[in-house]
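The values are calculated or read from the model by the stated rules, or taken from the named source; none is laboratory data. All values derive from a computational prediction rather than experimental measurement. Virtual Cβ from ideal backbone geometry, glycine too; neighbours counted across all protein chains shown.
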């Protein structure tokens, strides 16, 4: 028997499981959104980044100070402000220090903080860090009452809710993150351009988006490159806060004397050869993986016009691309690389941020800048109010000091004679407690006439300053003027003419990358494709005349089966007796100096199947296919091309049948002639033969014994021709084929006199 729980403990409240689960999931989702994933509109930071910079500021890691170990920073962050894993905190710190990740780095790292190749940073015990000038500008005003502070997670310390600095970090450095049910992705921009747009909004709050885009041209990635979207696409993205930008690598041989990039990237070499040079790669692409990607394309022969890729980078990116030959079109090579590799990427835009109320919102550029300026006005007013309070405190003390100087002898007498001089001075001179305490703590050396004059001057200056600050607090027009003045000064620091502020990414509209056909990537050369009876295939350079085919050399016991004139850009159709068709690229065949290679190593051909035909394929080519049973149909070459080793099944063979005939059908042919092994011949219109992509076909000729020997298409009006036997090479033509014209599927009759004894038309 168990004891009952004490009655004073809270009792459980019955709650449906789904309600409890949804409530807790919502709390988790909101926590992830607001405390981890989305940046704050006002300073562009997530909590972990804000705590990192705050901890480094507390450690006095200013740009003028010496570096300190990153381990100390990480330890302070996770111990005082951010109770998460050290790896996550250090990874965030590393990103803040990478000049290829942030347009304006907030951490100045010393040591291995990773590189653009994709290598990871060294462990935090090996690296050192301090703040950058940008981080100082972002945190400027923290001691001036500009923002609220909140307790840390354990209540032992305080941390700022946001940073008050004037630097437009959200757009300047961008942000990315995935929350529960939402995400954000903001590209880096040029700070001077963003400030220019903000200055325009101060003067013209109703300025159009087009006016803003005269200042903000588009993203400005730390790795440079080119944004090649149209102006309409860029405008649509900034209007809605959703969209994307096509980013390309920069092909260039370097900068000229005027500082401008060379535009072609074509580097001339001796002997009339050339190579392409990539000097900048898209943002977020690891250079090492990019080179591996290009090298894999070369290995897989998916980019046959590219011979080699080399990484010759040092501090600057330099990727060298060597073409197959000097005859390769550089633009075709570029377009192919854009299509097949990460030399062109798409950066998605999703301006999803936390507003001043910490509510997630997707904003357009106009709304975002407007809200940011409202925040800066609040910061400006709070700074002025804080300064007024400080001035009032000092004026109170100065007034007390002046009373003391005017009544110096009496003050000294009270201090010497009274047990409680403070209370006496307050009663006699109407002093405040702070004034009396300050007088009592005043140094003797201050009791001189010169000090009195200094106090009166200070009092006048503070009063004048206070008057101006009060006017500033009460006047929105003065606030806008002051903010404009401060932004103008900041734009000078990060101006387009400075080393840090110079624009890196070029905005240059370009058409989408074309899908370059493989044929266009292959250097077109004539070849003679040779296939032996044992299945060895090779490509001899040039078109070898038919009367010279007897000079081809083969392995002992082997001989010529097929010889075809082709171009290296052609596709070759290879048909086998089991009804399957295979495709080979003429450019991928071995050269003609040796015996070639077995075609069965290139294609998965059944061991019992024999090669029936070898020919070049064209887009408009049609083929007459027939099996030994007498069945056949017409098929388009486009329907039989197969880019896989397994080929494509086209003819469904009947029992004990084989694929016997594959004949090209030239344009204009209107009739079909079929001859059987029984030496019977039939002629019928070509329209009686169906066009199919796959199947058994229809009966072309009926047999009692044997099967089909040959079939061919021809023009009925021109008559039927065939090659005579012997070595004469003569051709005979039978003009009148009326006796053999029957319906498709007939048995036929004996052919004309002189028809070849092998029952073949050729």
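Scan segment 509-519 and give yes if some residue there is outside any strand (DSSP E or B), at pLDDT below 90 and closer than 30 Å to residue 195 by Cβ, otherwise no. Yes, some residue in segment 509-519 is outside any strand (DSSP E or B), at pLDDT below 90 and closer than 30 Å to residue 195 by Cβ. Got at least one residue in segment 216-229 being surrounded by fewer than 19 Cβ atoms within 10 Å (Cβ to Cβ) and either over 23 Å from residue 115 (Cα atoms) or free of Cβ contacts under 8 Å to residues at least 40 places away in the same chain (or both)? Yes, that holds for at least one residue.
For segment 127-136, the condition holds for no residue, the condition being that it is free of Cβ contacts under 8 Å to residues at least 40 places away in the same chain and over 24 Å from residue 42 (Cβ atoms). One residue stands out among those in segment 545-566 that are in a strand (DSSP E or B) and surrounded by fewer than 16 Cβ atoms within 10 Å (Cβ to Cβ): the one that is nearest to the chain's Cα centre (by Cα), which is 565. Only a single item in (1) in contact with a helix residue (DSSP H, G or I) (Cβ under 6 Å, 6 or more places away or on another chain); (2) over 30 Å from residue 644 (Cβ atoms); (3) modelled with pLDDT under 90 is not met by residue 305, and it is number (2).
The set of residues in segment 411-427 that are in a helix (DSSP H, G or I) and farther than 23 Å from residue 459 by Cα comprises 412, 413, 414, 415, 416, 417, 421, 422, 423, 424, 427. Can you spot a residue in segment 151-158 that is modelled with pLDDT of 95 or more and either exposed (fewer than 15 other Cβ atoms within 10 Å of the Cβ) or under 29 Å from the mean Cα position of the chain (by Cα) (or both)? Among the residues of segment 151-158, not one is modelled with pLDDT of 95 or more and either exposed (fewer than 15 other Cβ atoms within 10 Å of the Cβ) or under 29 Å from the mean Cα position of the chain (by Cα) (or both), which makes the answer no. For segment 320-339, what are the residues that are within 15 Å of the chain's Cα centre (by Cα) and either in a strand (DSSP E or B) or surrounded by fewer than 19 Cβ atoms within 10 Å (Cβ to Cβ) (or both)? Answer for segment 320-339, where residues must be within 15 Å of the chain's Cα centre (by Cα) and either in a strand (DSSP E or B) or surrounded by fewer than 19 Cβ atoms within 10 Å (Cβ to Cβ) (or both): just 339.
Among the residues of segment 340-361, the ones that are assigned to a strand (DSSP E or B) and either touching a helix residue (DSSP H, G or I) at 6+ places or on another chain (Cβ under 8 Å) or crowded, with 18+ Cβ neighbours inside 10 Å (or both) come to 9 in all. Examine segment 735-754 for a residue that is more than 21 Å from residue 634 (Cα to Cα), touching a residue at least 24 places away in the same chain (Cβ under 8 Å) and out of contact with any strand residue (DSSP E or B) (no Cβ under 9 Å at 6 or more places or on another chain), and state whether such a residue exists. Within segment 735-754, none of the residues are more than 21 Å from residue 634 (Cα to Cα), touching a residue at least 24 places away in the same chain (Cβ under 8 Å) and out of contact with any strand residue (DSSP E or B) (no Cβ under 9 Å at 6 or more places or on another chain). Only a single criterion out of (1) within 24 Å of residue 613 (Cβ to Cβ); (2) surrounded by fewer than 19 Cβ atoms within 10 Å (Cβ to Cβ); (3) in contact with a strand residue (DSSP E or B) (Cβ under 6 Å, 6 or more places away or on another chain) is not satisfied by residue 688, namely (3).
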